[in-house]
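One structure is given below, encoded as structure tokens.
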């Protein structure tokens, strides 16, 4: 996959997020868009080794990456700064916000592998099953990655959905973003309301 194409896609998706960048940096150089969204962990050329220990929580939604090991992603930018997310949904956010960084390598949880914690596989080597009956993470339209095409086809036969490569999966994540964010916001508001009712007793 052409990394420049990924950059173009994420740039288009993030245009609204980076509007006014110059003014923000002039007024607050250390905390203007997109500086405030730069991943906070130090550069690590071996970010994919023990990635769950290094990047325990998704910086965009706060979800535990160990709990969501099967859907987690890791983006290694060209300056060796890495961003560990819970899902393709949040990885798409990272790519949009970090428009000044070129992604060098990206990994995703390999659902073709056995084990309590799925290992990472490079996205270029993965097949993504989109829109199957498998529950999604941060999305109603699930996107599940498999390190082998045979495993992806077996899952498709059992669960339905469409097999695509990473660039199409990323495009679908951006297309789904508006509905997914609205649904997440509604669910969180409902949970907050129930918690407040419980506290009132």
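FYI, it's all coordinate maths here, none of it is from the lab. Here the structure is a predicted model, which means the values were calculated and not measured. Glycine gets a Cβ as well: all are built from the backbone with ideal geometry, and neighbour counts include every protein chain shown.
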Projected label distance in nm at residue 113 and residue 43, using a 7 Å step from Cα toward the beta-carbon: 2.7 nm
Distance in nm between pseudo-label sites at residue 67 and residue 165 (7 Å out along the Cβ direction from Cα): 3.5 nm
Taking only the alpha carbons of the range 84-200, what extent do you get along each of the three principal axes, in Å, biggest first? 52, 40, 27
Distance-filtered residues of the range 73-90 - backbone nitrogen under 18 Å, label point 7 angstrom along residue 140 Cα→Cβ: 89-90
Residue 133 to residue 175: extension gain in nm, 0.36 nm per residue of separation minus the Cα-Cα distance? 13.2 nm
Could you compute the FRET efficiency for residue 195 and residue 56, with r as their C-beta to C-beta distance and R0 at 30 Å, rounded to 0.05? 0.80
Taking the Cα of residue 150, stepping 7 Å toward and past its beta carbon, and measuring to each backbone N in the range 85-124: which are under 15 Å? 112-114
